[in-house]
Amino acid sequence: MTVETYPWAPGFVAGDRPRIVTSRFEHEDSHTLERYMATGGYEGLRAALAKPAAEVHEQVRGSTLLGRGGAGFPAGVKWGLTPEGVYPRYLVVNGDESEPGTYKDRLLMERDPHQLIEGCLIACYAAGLSRCFLYIRGEMALAQERVATALNEAYAAGLVGRDILGSGFGVDIVLHWGAGAYVVGEETALIESLEGNRGMPRLKPPFFPAAIGLYGKPTIVNNVETLSNLPFIAANGAEAYTAIGTETSPGTRMVAVSGHVRRPGVYEIVNGTTTFRDLLYGEEFCGGIRDGNELKAFVPGGGSAPWFLPDQLDLPFEGRQVGAAGSMLGSGAIMVMDSTTDIPAAALTLTRFYAHESCGKCVPCREGGTWLMRVLERVVAGEGTTDDLDLLLEVGQSICPGDMPHASSEALGLEATPFPYKMTTICFVGPSAYVPVHSALTLFRSEFEERVAPSRSRTRIPVVAVGGGQ
Amino acid sequence: MSTTEDTGAEVDDEVVEPDPDAVSITVNGRSVTARRGDLVIAAAERAGDYIPRFCYHPRMSSVGMCRQCLVEIDTGRGPMLQPSCMVTVSEGMVVDTESETTKRAQEGILELLLANHPLDCPVCDKGGECPLQDQAFSHGPGESRYVEEKRHYEKPIPISDLVYLDRERCILCDRCTRFADEVAGDALIHFIDRGNATQVNTFPDEPFSSYFSGNTVQICPVGALTAKPYRFKARPWDLEQVESTCTSCSVGCRISVHSSRDRLLRFQGVDDEAVNWGWLCDRGRFNFESVHADRRLAEPLIRSAEGLVPTDWSSALSITADLIRSAVDGGGPGSVAVLGGARGTNEDALAWSALADALGVESRDARLGDGLGLDLLDLPRATIADLASASTVVLMAPDLKEELPVLHLRLRDAALRSGTRVIEFTQSGSGLTRHAWRSIRHLPGTGASAVAEALADAEVAAQLASGPVVVVAGRQNLAESAEALSDRVGAVLAAAPEAGVLPVLRRGNTMGALAAGLHGPRDAADILREAAEGRIDLLILLGSDPLADFPDSRLARTALARVGRIVSLDGHLCASSEQADVVLPVAVMGEKSGTTTNLEGRVTPVSQKVTVHGTARPDWMIALDLASRLGVDLGVADLGDLTARVTADDRGVWSVPTGVEPAHFESVVGTNYDFRLVLSRRLYDAAVSTQCSPSLEGLAGGRGLSVHPSDLERIGVASGDDVKVIGPRGSVVLPPGCRTASAPTRPVRSDCSRPSPTASNSSSKRTSSPSAPIGWSSSWRRSSPSCRPS
């Protein structure tokens, strides 16, 4: 078994596995047009342009390429949701990767920007889109530079712009840098930001981007990794793609592992079959928990996913099964906590992030996220009471009413509650502040109870006069 | 009427034929019929199920931000918590506003909203009429578990001359910011910062200077926005209120007049579908302060050796009756003239018209040289609703934002959201220029050719033919004659014969006064000219101030100096009444009941809310009293008799009788001058009601002059220098470019999709030919003596 890392792609760990989107990472100059052309670059675009657009669309539909941004919606189906005959229609590339623990799109943009550009062109051709907007997170300076340089090269080579490769098809790609807001990773907030407004999500309904998106026009929002798969599919066909992975989750998938493992990094794994145990303990992957410690818990799909226990290690990295087990794959980021982890403090770290990143548009997130953070701070500082633990869950109920998804635990005698949750907020930022609190309190309540004083008489402040409410 | 059976048949037809827009939904287990496009929150409310809300406002777009209106909605995929202000009804939808999940969500949201709310209700102006307070009682959990420190901000901060913002009370519902952006078009307040630290604020050094800022106070669901005139004046439960009509301009917005301890305290907009949709302009909202101004006249005044001295009503009325009798007996009815009447009620105008009729006085005019020709008022009248639903609006009017602000809002809404295309003919741009389909610039005096040129454009002709057309006709430039406007309107009507006309009149009840008969063969200009020639022995001013209001102030000065005697009926002492021989104090709006007629001809009631100031009386009562002293019978005994004479047609329109000679006003447009004058007015001018309202006083700008910088440069004037303007009627010294921030000088620009040939012609003349006449504009009202304390 080979485990290779490259100094020019820090964090990336290659292995003896089929690779689609990271196939050029072994070359130091993989971001240049020269290397890209020497390694089959823009062949997918050529192949696509030689066919009618509908056929390329059908090919992508046939590949069952799932969106890699978090929701896992099939890209080919998404392209078909735009209303007939409404033009212009846009492609918006979501390069605002900000989910805690996720850093795969950054690598793709830094190491292989031409692959992304080629993917954008294929998508625009196949789905009949008039213009492409590439939105890159504000903090990703190198990715911005690499994509901008690559785009200039591609324009100079006649690969972007008017009459691409003599086919008569033309599309422009517009670059846009973010200004540092997590919520803009949410597609409608990204569209608002792109329009020059505050990055605040829109309501669905009625603002489903496929119907009413950028500038009120039909808009497809795709993730960087999703689009980076298109050159392979266009060049080699849907069959070559579905030959890898499982029927429901074909192809490969990039997974970013962080935390207490021996070899954290980004791995391109075969979709659907690799289990969490393979990933965390396999010698060609993370190589086990650091310092020989025991695994305590892990987050399977980025900071906003409910936590898993060692009980769930044998689940495959596959959306439906993970959902049934009470969490989600999200953006493909695993965060590992070993036995030394202070669970309440870990939950606070995540909750603090989401409370800080609330855009302030809707009440449960704006007020609830910060309230959760404050109470949790009190608990972590050892100043809380057992009532505060119930309060955390009750405030959470105002953000996510009803049953919250969580993992099963043999030791605690817990049955799993499947994903998803209900929410009172507009987008997922608010619930994301509550998810780590709920997971930690459900799976590790004893660690909280050790921190807090026994119940005092509860503090309640009347807000209405006598008879309040009733 | 043979339609009884027909009507019955029609009703049957309606029953048989199902409404294609009807949607049946279930609300809390009951079947409810809604209309396609209805929001769930509105449909449920109509069905009697109130869903709590903060950010939702029926006159603005929904944003679904406060989450208070979450209810369980089942469209076949199981009940889901959804904001009912964002979801439109669909057939078979099941809505549950009372389920456990709904209740839990709503209580949760209210607890979260109150977490950072200061709960200073006992000292909050909103306490007692506060949606947050009310809904905390009706839908909240009743207590809070939030023991953390609340958010703190400096409180309150002024965001404009009229409005204060308390950010601690604010629940960030986006109502005020949405109003400023969507409705008013003055997006001067916005969210700043993020997440838990989000706040509403203005841009640095840019106050919320909007003519419509008071509306944000009214729609604020908490006490975050408060208006300067009402702060700490009363508690809502101490207020008495009555519905009335605002008479500050001729739009006739419906208002609710609030008072406590016999003092007017505030006006709130009433949502009238036909007129104002609940909005008011700040002038109309706040100038009630002038009713209680120190300068109000409390008792009659008569001229003596020491000037005007107080007297009692009995002597004042008998002196007045004597003056009338001796004038009529001496010089005949032709030596008596009546000017004004547009500031009163229909009843006031009817009583004075009847008195003039009885005395044979023909010289009367409710317009003061700035009105419209009667021929225009006699054309098929359009309503505001017609305007808002027209496919084309031809705008030949002064800047509606300055003169009739709420009509501006309605037209702006139509242009932005109903697909109404506005064709604007303008000499200096307007608040609607950027929303116009065509904005056609023309030089003063060249309106007719600009209209002819535009009508010859095939696209314009096609647009006019595409659907209902409304012509908004008003005096954009008081230096041009009313006849010129009539000609232009006539040209448009020849091209669009079905078009309705909406006349733009500034003063509140000009339409009612004219319909009541306060016009005659001689208009205000003729009357003043006769007076200047010494042919008028007695001039009766019905709440009018020719010295300040008549455009040709030299003529007005000469006339008032030469006229024999002057009797003035007014609420406040003004420049003209200071020259009167008898001044009779009258009741003003808020102090009297009756009806008023707006620019559509719509007759609406005005109501008395407070006791009159001092011994003041309504104008109609004075007319009746004088009639009895003069021994003439008007056939009227009381207010009811007068109201019965207001004869509205079946559309509710009271119109001016036909067959009257058109008024005319001598044009001053000449070619012997280097520049051409555009005389226009601003919202906050030297009107008594503005000058005497402490909150508005500081906003009222003096006269101003707007000149293109290159013109100033050409004649060698440095910016900031005073400019002497010389015309055929005199000269005046003005500081240039002194328009206020809320009414910025609009440089020539063509925001419309295709600049018209006319516009480009005029701008080329502007720069290439120094001798070409150049348009410039000025506010013509002088900072009149009426604003000096008496």
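The values are calculated or read from the model by the stated rules, or taken from the named source; none is laboratory data. Note that the coordinates shown come from a computational prediction; the quantities given were computed from them, not determined experimentally. Note that each Cβ is placed from the backbone with ideal geometry, even for glycine, and that neighbours are counted across all protein chains shown.
Given the condition of a type in the set (K, R), surrounded by fewer than 20 Cβ atoms within 10 Å (Cβ to Cβ) and assigned to a helix (DSSP H, G or I), answer yes or no: does some residue in the range B:320-328 qualify?
Taking the range B:320-328 first, the residues of a type in the set (K, R) are B:325.
Subsequent filtering for residues that are surrounded by fewer than 20 Cβ atoms within 10 Å (Cβ to Cβ) retains B:325.
When the remaining residues are screened for being assigned to a helix (DSSP H, G or I), the result is B:325.
Checked against the condition, which is being of a type in the set (K, R), surrounded by fewer than 20 Cβ atoms within 10 Å (Cβ to Cβ) and assigned to a helix (DSSP H, G or I), the range B:320-328 yields at least one hit.
If I filter the range B:59-99 down to residues being charged (D, E, K, R) and over 39 Å from the mean Cα position of the chain (by Cα), which single residue comes out as farthest from the other protein chains (Cβ to nearest Cβ)? Spell out how you get there, then give the answer.
Of all residues in the range B:59-99, those charged (D, E, K, R) come to B:59, B:67, B:72, B:74, B:77, B:91, B:96, B:98.
Now narrow it down to the ones that are over 39 Å from the mean Cα position of the chain (by Cα): B:72, B:74, B:77, B:91, B:96, B:98.
On the way: B:E72: 10, B:D74: 14, B:R77: 13, B:E91: 16, B:D96: 14, B:E98: 15 Å.
My answer is B:E91.
Restricting the search to the range A:356-397, which residues are among the aromatic types (F, W, Y) and either in the same structural domain as A:G185 (by TED's automatic domain parsing) or in contact (Cβ under 8 Å) with a residue 60 or more places away in the chain (or both)?
From the range A:356-397, those among the aromatic types (F, W, Y) are A:371; that's our starting set.
Hits for the range A:356-397: nothing passes.
Of these, A:S432, A:S358, which one is at the interface with chain B (Cβ under 9 Å from one of its Cβ atoms), at pLDDT 95 or above and surrounded by 16 or more Cβ atoms within 10 Å (Cβ to Cβ)? Talk me through it step by step, then tell me what you get.
On the way: A:S432 fails: at the interface with chain B (Cβ under 9 Å from one of its Cβ atoms).
Matching residue, one of A:S432, A:S358: A:S358.
Could you tell me which residue of the range A:327-352 is nearest to the other protein chains (Cβ to nearest Cβ), considering only residues that are in a helix (DSSP H, G or I) and surrounded by fewer than 21 Cβ atoms within 10 Å (Cβ to Cβ)? Spell out the reasoning first.
So the first thing to find is which residues in the range A:327-352 are in a helix (DSSP H, G or I), and the list is A:343-352.
If we keep only those that are surrounded by fewer than 21 Cβ atoms within 10 Å (Cβ to Cβ) as well, we get A:345, A:349, A:352.
On the way: A:A345: 19, A:T349: 17, A:R352: 11 Å.
Checked the range A:327-352; the qualifying residue nearest to the other protein chains (Cβ to nearest Cβ) is A:R352.
Looking only at the range B:135-172, which residues are at the interface with another protein chain (Cβ under 10 Å from one of its Cβ atoms) and outside any loop (DSSP other than H, G, I, E, B)? Full working, then the answer.
Start the filter on the range B:135-172 by keeping residues that are at the interface with another protein chain (Cβ under 10 Å from one of its Cβ atoms), which leaves B:136-149, B:151, B:171-172.
Those that are at the interface with another protein chain (Cβ under 10 Å from one of its Cβ atoms) and outside any loop (DSSP other than H, G, I, E, B): B:A136, B:F137, B:S138, B:H139, B:E143, B:S144.
Take A:S457 and decide whether it is at pLDDT below 95, within 14 Å of chain B (Cβ to nearest Cβ) and outside any strand (DSSP E or B). Write out each step before concluding.
Details: at pLDDT below 95: yes; within 14 Å of chain B (Cβ to nearest Cβ): yes; outside any strand (DSSP E or B): yes.
Spelling it out, A:S457 is indeed at pLDDT below 95, within 14 Å of chain B (Cβ to nearest Cβ) and outside any strand (DSSP E or B).
Quick one: in the range A:193-221, of everything that is in a helix (DSSP H, G or I) and more than 10 Å from A:R89 (Cα to Cα), which residue is nearest to the other protein chains (Cβ to nearest Cβ)? Explain how you work it out, then say what you get.
Taking the range A:193-221 as the starting set, the residues that turn out to be in a helix (DSSP H, G or I) are A:193-194, A:214-216.
Of the ones still in play, those that are also more than 10 Å from A:R89 (Cα to Cα) are A:193-194.
On the way: A:S193: 13, A:L194: 18 Å.
For the range A:193-221, the residue satisfying everything is A:S193.
Every residue, every condition in (1) of a type outside the set (S, T, Y); (2) surrounded by 22 or more Cβ atoms within 10 Å (Cβ to Cβ), yes or no:
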residue: A:V86; (1), (2): yes, no
residue: A:Y90; (1), (2): no, yes
residue: A:V93; (1), (2): yes, yes
residue: A:E97; (1), (2): yes, yes
residue: A:L107; (1), (2): yes, yes
residue: A:R111; (1), (2): yes, yes
residue: A:I122; (1), (2): yes, yes
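Only one of these is in contact (Cβ under 8 Å) with a residue 40 or more places away in the chain, in contact with a Phe, Trp or Tyr (Cβ under 7 Å, 6 or more places away or on another chain) and in the same structural domain as A:E145 (by TED's automatic domain parsing): A:G95, A:G70, A:G41, A:G62. Name it. Reasoning before the result, please.
Details: A:G70 fails: in contact with a Phe, Trp or Tyr (Cβ under 7 Å, 6 or more places away or on another chain); A:G41 fails: in contact with a Phe, Trp or Tyr (Cβ under 7 Å, 6 or more places away or on another chain); A:G62 fails: in contact with a Phe, Trp or Tyr (Cβ under 7 Å, 6 or more places away or on another chain).
So the residue among A:G95, A:G70, A:G41, A:G62 that is in contact (Cβ under 8 Å) with a residue 40 or more places away in the chain, in contact with a Phe, Trp or Tyr (Cβ under 7 Å, 6 or more places away or on another chain) and in the same structural domain as A:E145 (by TED's automatic domain parsing) is A:G95.
Determine whether the range B:202-213 contains at least one residue that is part of a loop (DSSP other than H, G, I, E, B), within 9 Å of another protein chain (Cβ to nearest Cβ) and hydroxyl-bearing (S, T, Y). Steps first, please.
First, the residues of the range B:202-213 that are part of a loop (DSSP other than H, G, I, E, B): B:204-205, B:207-212.
This time we only want the ones that are within 9 Å of another protein chain (Cβ to nearest Cβ), so: none.
Among the residues of the range B:202-213, not one is part of a loop (DSSP other than H, G, I, E, B), within 9 Å of another protein chain (Cβ to nearest Cβ) and hydroxyl-bearing (S, T, Y), which makes the answer no.
Looking at A:L376, A:L391, which one is more than 11 Å from chain B (Cβ to nearest Cβ), over 30 Å from A:Y281 (Cα atoms) and either out of contact with any Pro (no Cβ under 7 Å at 6 or more places or on another chain) or crowded, with 24+ Cβ neighbours inside 10 Å (or both)?
Selected residue: A:L376, the only one of A:L376, A:L391 that is more than 11 Å from chain B (Cβ to nearest Cβ), over 30 Å from A:Y281 (Cα atoms) and either out of contact with any Pro (no Cβ under 7 Å at 6 or more places or on another chain) or crowded, with 24+ Cβ neighbours inside 10 Å (or both).
For the list (1) more than 32 Å from the chain's Cα centre (by Cα); (2) surrounded by 19 or more Cβ atoms within 10 Å (Cβ to Cβ), I need the number of the one condition that B:V338 fails.
The one condition B:V338 does not meet is (1).
Under the condition of being away from chain B (no Cβ under 14 Å) and part of a loop (DSSP other than H, G, I, E, B), which residue from the range A:416-429 is farthest from the chain's Cα centre (by Cα)? Before you say what the answer is, go through the steps one by one.
Residues of the range A:416-429 that are away from chain B (no Cβ under 14 Å), as a first pass: A:416-419, A:428.
With the extra rule that they be part of a loop (DSSP other than H, G, I, E, B), the set shrinks to A:416, A:418-419, A:428.
On the way: A:A416: 23, A:P418: 19, A:F419: 16, A:F428: 12 Å.
Among them, the one singled out is A:A416.
Just to verify a result, which residue in the range B:117-134, among those that are within 14 Å of chain A (Cβ to nearest Cβ) and assigned to a loop (DSSP other than H, G, I, E, B), is surrounded by the fewest Cβ atoms within 10 Å (Cβ to Cβ)?
In this case the residue turns out to be B:D120.
Does the range A:394-411 hold any residues that are surrounded by fewer than 16 Cβ atoms within 10 Å (Cβ to Cβ) and either among the β-branched types (V, I, T) or more than 9 Å from chain B (Cβ to nearest Cβ) (or both), and which are they? Don't jump to the end; show me each part of the working.
Here is the first cut: in the range A:394-411, the residues surrounded by fewer than 16 Cβ atoms within 10 Å (Cβ to Cβ) are A:394, A:402-403, A:410-411.
Answer for the range A:394-411, where residues must be surrounded by fewer than 16 Cβ atoms within 10 Å (Cβ to Cβ) and either among the β-branched types (V, I, T) or more than 9 Å from chain B (Cβ to nearest Cβ) (or both): A:D403, A:E410, A:A411.
Within the set of pairs 6+ apart or on separate chains, which have a first residue in the range A:265-293 that is within 22 Å of A:T246 (Cβ to Cβ), a second that is of a type in the set (S, T, N, Q), and C-beta atoms under 6 Å apart?
Once the first residue is within 22 Å of A:T246 (Cβ to Cβ) and sits in the range A:265-293, its partners that are of a type in the set (S, T, N, Q) give A:E268/A:T22; A:E268/A:T252; A:V270/A:T252; A:N271/A:S249; A:N271/A:T252; A:G272/A:T246; A:G272/A:S249.
Name the residue, out of B:A513, B:A531, B:A556, that is touching a helix residue (DSSP H, G or I) at 6+ places or on another chain (Cβ under 8 Å), assigned to a helix (DSSP H, G or I), buried (at least 24 other Cβ atoms within 10 Å of the Cβ) and free of Cβ contacts under 8 Å to residues at least 60 places away in the same chain.
On the way: B:A513 fails: free of Cβ contacts under 8 Å to residues at least 60 places away in the same chain; B:A531 fails: free of Cβ contacts under 8 Å to residues at least 60 places away in the same chain.
Result: B:A556 is the single residue among B:A513, B:A531, B:A556 that is touching a helix residue (DSSP H, G or I) at 6+ places or on another chain (Cβ under 8 Å), assigned to a helix (DSSP H, G or I), buried (at least 24 other Cβ atoms within 10 Å of the Cβ) and free of Cβ contacts under 8 Å to residues at least 60 places away in the same chain.
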